[in-house]
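Below: one structure, written as structure tokens.
The values are calculated or read from the model by the stated rules, or taken from the named source; none is laboratory data. Keep in mind that this is a model prediction, so the values were computed, not measured. For neighbour counting, all protein chains shown are included, and Cβ atoms are generated from backbone atoms with ideal geometry for every residue, glycine included.
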Amino acid sequence: MGNHIRHKPEVAIFNGNRVLIAVKEVEPEDHVTDPARRQMALPPGHDVHMMIRKYKASPDFDYLEPIWEIMSTDAFTLLHVAALSTWQAVEDAIFELFSAMLGARDASISSALFYSADHLSYKLSMTDAISAVVLAGSSHLLEWDKLKERSRKRSHDRNRLAHFNTIWVSDDTGTYKLLRQAINDRSERNKSAIDQQQLEDIWRSFCLLCADIRAFTCKIREISPSPSPRKSPSQ
């Protein structure tokens, strides 16, 4: 027989206002929904951890309902949104650099090329290929290499922000939010998480990267050749 780890059943715990405040393991005989004990039995594989303090029990404790007025007002959520929005500005800055290097007369041409790539890694590779020609023999090529590697590295942070789950955690210091990869993954690989300070650091790194790419683009516009006028068929 294989060694299978069996976890105890879990129940959701509520305060006097029926707000979800915790999820805890119980013995099988206590795995029941009981309004008097302000608890609700949860099924295996649930995702209720991420609903803590954002949901409350219905009056009869039959289901969970969102608390709309408090779901998006905390600093953690605002930082999360700001970081993802700033990353979009980073990608816009990379496009502006790509367009400046390409030197296309019509911006729709560079846009069609750049956004034909689905992933940032492809967009960076396209920009890199152009830089090898436009910046050949220039010290700017090394500067671009550093920006490219920073963009690749920060894109991993962006992916974590986009795909991790938001959870509430309670310990001796209080109750706070974290970003974690998977609610029900209890393996060693899932012990890392992003707290509010780390989230703020990631957001600031995105801001700095965006500013540096835009400043570099200004340099490139000064050295990139303007596109040659097209000759008409009659010429």
Subject >> Evaluation of Gln88 against (1) closer than 27 Å to Asn159 by Cβ; (2) at pLDDT 85 or above; (3) surrounded by 13 or more Cβ atoms within 10 Å (Cβ to Cβ) (one fails), failing number >> reply: (3)
Original post:
So, in segment 57-70, of the ones that are over 32 Å from the mean Cα position of the chain (by Cα) and surrounded by fewer than 16 Cβ atoms within 10 Å (Cβ to Cβ), which residue ends up nearest to Ala12 (Cα to Cα)?
Top reply: Asp62
Original post:
Could you list, in sequence order, the residues of segment 34-64 that are part of a strand (DSSP E or B) and either over 13 Å from Lys24 (Cβ atoms) or assigned by TED's automatic domain parsing to the domain that holds Asp171 (or both)?
Top reply: Asp34, Tyr55, Lys56, Ala57, Leu64
**OP:** Could you figure out which of (1) assigned by TED's automatic domain parsing to the domain that holds Leu199; (2) at pLDDT below 85 isn't true of Met1?
**Re:** (1)
**OP:** Select from segment 19-34 the residues that are closer than 18 Å to Asp47 by Cα and of a type outside the set (Asp, Glu) and list them in ascending order.
**Re:** Val19, Leu20, Ile21, Ala22, Val23, Lys24, Val26, His31, Val32, Thr33
**OP:** Could you list, in sequence order, all residues of segment 134-154 that are under 14 Å from the mean Cα position of the chain (by Cα) and either under 18 Å from His49 (Cα atoms) or in contact (Cβ under 8 Å) with a residue 60 or more places away in the chain (or both)?
**Re:** Arg154
**OP:** Enumerate the pairs (first residue in segment 39-56 and surrounded by fewer than 18 Cβ atoms within 10 Å (Cβ to Cβ); second residue anywhere and part of a strand (DSSP E or B) and not acidic (Asp, Glu)) with beta-carbon separation below 6 Å, excluding pairs fewer than 6 apart on the same chain, so at least 6 apart or on different chains.
**Re:** Ala41/Val11; Met50/Asn165; Met50/Thr166; Met50/Ile167
